[in-house]
1. Do the conditions hold for B:V124, that is, is it part of a strand (DSSP E or B) and buried (at least 22 other Cβ atoms within 10 Å of the Cβ)?
2. Can you tell me how many residues in region A:124-156 are modelled with pLDDT of 95 or more and either touching a helix residue (DSSP H, G or I) at 6+ places or on another chain (Cβ under 6 Å) or of a type in the set (V, I, T) (or both)?
3. May I ask you to say which residue of B:A141, B:A118 is part of a strand (DSSP E or B) and open to solvent by 70 Å² or more (accessible area, probe 1.4 Å)?
4. Can you tell me how many residues within region A:106-157 are of a type in the set (V, I, T) and buried (at least 19 other Cβ atoms within 10 Å of the Cβ)?
5. Right, B:P108: over 14 Å from B:W152 (Cα atoms) and surrounded by fewer than 19 Cβ atoms within 10 Å (Cβ to Cβ) or not?
6. Quick one: A:D88 ticks every box in (1) away from chain B (no Cβ under 14 Å); (2) closer than 19 Å to A:E186 by Cα except a single one, so which number is it?
7. When the residues of region A:98-146 are filtered to those that are among the small types (G, A, S) and farther than 27 Å from B:G186 by Cβ, which remaining residue is nearest to the other protein chains (Cβ to nearest Cβ)?
8. Considering only residues that are open to solvent by 70 Å² or more (accessible area, probe 1.4 Å), at the interface with another protein chain (Cβ under 10 Å from one of its Cβ atoms) and either in contact with a Phe, Trp or Tyr (Cβ under 6 Å, 6 or more places away or on another chain) or in contact (Cβ under 8 Å) with a residue 12 or more places away in the chain (or both), which ones fall in region A:158-211?
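The values are calculated or read from the model by the stated rules, or taken from the named source; none is laboratory data. All of these numbers come straight from a predicted model, not from anything done at the bench. No Cβ is skipped: glycine too gets one built from the backbone with ideal geometry, and neighbour counts run over all protein chains shown. Just so you know, the surface numbers come from the protein's heavy atoms only, side chains and all, with ligands and any DNA or RNA stripped out. Shrake-Rupley method; radii C 1.70, N 1.55, O 1.52, S 1.80 Å.
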Amino acid sequence: MRIESRWVLVALIGALAAAPSRALAEPAAGSPGEASEPASGASAAGAESASGASAAASPEPASGASPADTEPAPRRRRVGWYDIPARDPRRVSIGANLQVDLLGLAIGIRPEVLYRPFRATRGFNLRFGFGLLPGPEYFFLPIDVGWRQHFVPHHRVTLELGAGYEQQFFFVRDAAAVTRGYVFAELGLAVRVVSRAWIGVQFVPGWAPFSHPGPGIATRLGFRWDFGGATDRASARRRGRAPV
Amino acid sequence: MKRAILATLVLLLGLSPRGQAHRPTAVEREFEIELPEVSHAVYGELAGPGDVYTIRLTFARPFAMPIEILVPHRRKLEQHRPVFAIVGPGLPAPTPEEAALLPRALPPGAGVYLERYASEERLVIFESFSRRMFWSSGPIALALAPGDHEIWVFAPEGTPGDFVLGFGVEEDFTGIGCDDFARDWGTYAY
């Protein structure tokens, strides 16, 4: 059967247009568990599973029951990115990496913040970071913004792929700082060691395309802590709850 | 998607300004440069008093050669000020003060240009391809006559330490394999 692409497009647009209004309308007509937006992923999962459980445990309606009692329990719904406030900590991960620059020696720490702007349970992250890397010839301060994708983030081992822009500063005592723009890629592997904590290694090649052109190569050994997201999704699934 | 990535890479490379990259060469105490017109970065390490690097060059025609000596910008090398002397035909005879500084006697018929590198303030440069910071003597250009020349690199104070001698004009990296570069990676990168 051949499906014309325009109908697929129309269906997608329709689904996207309908989704927010449905999400707003549901709490008013829904069960007590969904009457208010849950404060955390676990509570959201609990609330939804509780509503589902009560529906499953409810006996057949008696003949004299009121219409409200006979009304079937609302279907469980997936919580989308629009259900979680932009400032919800479940969208955030923090990390600290030990970085070694192999071209132009510098060793130091690179803190980073990851923010999931779309679905908090998925692997698309915006990355903001900086570094404090002393070296024998200069003090290296990079400030970067970029994208990082965690593939299969709910599994124990994830592949990390990223890219971004970095503004690099090289400080010396007896001259003005040198600064240059730099683009980089990230290729890494991370392992979940406990529920929300990860350790990983990354290989980070790059190139300065503008002033002071030149390559760069760095490696990182990192730690990351998720405040929610895919880890909660995985644990919710293990407990038989709704994925949040 | 692939086209977008390819276009981005092409754009980035196209936007890159043309950098001045030297042909990296880790040299022995006595070394002959086969293509003196090519831009070279000669890496060496002086062991202490009396240590001299000798680099031989032969020019078939007159050549205006830019040259500078660099020292890695490290605290332990703050007092390390190696100098270079270009010895060859057509160069002036040394003054008595210069002759006293030279590590050896000049060959017959040769003159010398001695870069004293004695200014109090040291020029700092950022070498972007190796991402390193150096003190520099400041680039100069010397008009050299055809014939055999030698560059002597030594430290008048007898201080030990690394140096990089940059000279030449044309960029040419033919003959440098990845194995050569990898073997001397530690010298170039650190």
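1. Taking the combined requirement at face value, the residue does not satisfy it.
2. 2
3. On the way: B:A118 fails: part of a strand (DSSP E or B).
Exactly one residue qualifies, and that residue is B:A141.
4. 1
5. yes
6. Condition (2) is where A:D88 drops out.
7. Selected residue: A:G146.
8. Listed by number, the residues that qualify are A:F171, A:W207, A:F210.
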